[in-house]
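To start, the structure under review is shown below, and the notes come after it.
The values are calculated or read from the model by the stated rules, or taken from the named source; none is laboratory data. Please read these numbers as outputs of a predicted model, since none were measured by experiment. Cβ placement follows ideal geometry from the backbone for every residue including glycine, while neighbour counts extend to all protein chains displayed.
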Amino acid sequence: MSVIINTIILLSVLGFLSGTFLAFAEKKFEVKEDVRVIFAENLLPGINCGACGYPGCSGFAKGFVNGDVKPEGCLPGKRQGVPEKLARLSKMSDDELRKIWEEINEDPDKIKEKF
């Protein structure tokens, strides 16, 4: 009987220590994504066609934020006004973007409503 109790205690302690370590590691090695990339990616049509020369909309968004590609590079998005939205995004300051990000409660699906 004491073997079972000792095993339960040991596994509980190991589980608690593992959980604590994982929580610490999550905060320590957290990857913070650029808000501009999130905004740019959600302003694109999201069809991942590759017509822009990038493997998908996320690649195009990163290229746009880095300045490697022009807003007119998204061919399917031209009809939807994507170049104008991306040009507006590029003119916005980081403070304005953080304010919008907080207003929408960090929900990427609401980004199109703000543009």
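Odds and ends about this structure:
- Residues that are at pLDDT below 95, in contact with a helix residue (DSSP H, G or I) (Cβ under 6 Å, 6 or more places away or on another chain), part of a helix (DSSP H, G or I) and among the aliphatic types (A, V, I, L, M) are absent from segment 1-15 altogether.
- Filtering 65, 35, 31 for residues that are surrounded by fewer than 10 Cβ atoms within 10 Å (Cβ to Cβ) and either hydrophobic (A, V, I, L, M, F, W, C) or over 27 Å from residue 93 (Cα atoms) (or both) leaves a single hit, 31.
- The lone exception for residue 46 - which of (1) outside the structural domain of residue 97 (by TED's automatic domain parsing); (2) at pLDDT below 90 it fails: (1)
- For segment 79-93, a residue qualifies if it is exposed (fewer than 11 other Cβ atoms within 10 Å of the Cβ) and part of a helix (DSSP H, G or I), and exactly one does: 91.
- Enumeration of residues in segment 38-78 that are closer than 16 Å to residue 109 by Cα and part of a helix (DSSP H, G or I): 38, 39, 40, 41, 42, 43, 57, 58, 61
- Near pairs, Cβ below 9 angstrom, 6+ apart or cross-chain, from segment 71-95 (among the basic types (Lys, Arg)) to any residue that is at pLDDT 90 or above and loosely packed, with under 15 Cβ neighbours inside 10 Å: 78/72
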